[in-house]
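Here the structure comes first, spelled out in structure tokens, and everything after it is commentary.
The values are calculated or read from the model by the stated rules, or taken from the named source; none is laboratory data. These numbers come from a predicted model, not from an experiment. When we count neighbours, we look across all protein chains shown, and the Cβ atoms used for this are built from the backbone with ideal geometry, even at glycine.
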Amino acid sequence: MSKISTYSSKTTFGRRMSLVHAQLQAGNAAPIRCTVQHVDEAGAVIELSRPTILPPRVRLRWDQYGDGAECEIIGTEGQAVRVAFTSGKGPEILRRFEADRASQRQRVGI
């Protein structure tokens, strides 16, 4: 797997800061708590709650949505993991995050 440090330090069109709580489900193992740091149509950068060895394919499930997406691990660095959405839900996921951010900005008057 490749390192993701260059990805996380770049400004990339379409990527959104999210900081949303989620869980990674890997097979029949207990879910792993994580935070979605950035999301775009292709995938997400997540931070795990603890260092973990992951299989190549996982399911990322968002706590606030009760929904998730099938993903492939494409890079790791420490507790940060880059996943690619393999379920075709990328555009839907990004729209949801953008709507939530707009709603949060409205609440705080930004």
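Taken over the range 42-84, the criterion of being at pLDDT below 90, closer than 25 Å to A99 by Cβ and not small (G, A, S) is satisfied by W62, D63, Q64, Y65, D67. The residues of the range 71-103 that are crowded, with 16+ Cβ neighbours inside 10 Å and either part of a strand (DSSP E or B) or touching a helix residue (DSSP H, G or I) at 6+ places or on another chain (Cβ under 8 Å) (or both), listed by number, are C71, I73, I74, G75, T76, E77, A80, V81, R82, V83, F85.
For every residue, the table says whether it meets (1) of a type in the set (S, T, N, Q); (2) touching a residue at least 12 places away in the same chain (Cβ under 8 Å).
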position: V45; (1), (2): no, yes
position: S49; (1), (2): yes, yes
position: L54; (1), (2): no, yes
position: R57; (1), (2): no, yes
position: L60; (1), (2): no, yes
position: G66; (1), (2): no, no
position: G78; (1), (2): no, yes
position: E92; (1), (2): no, no
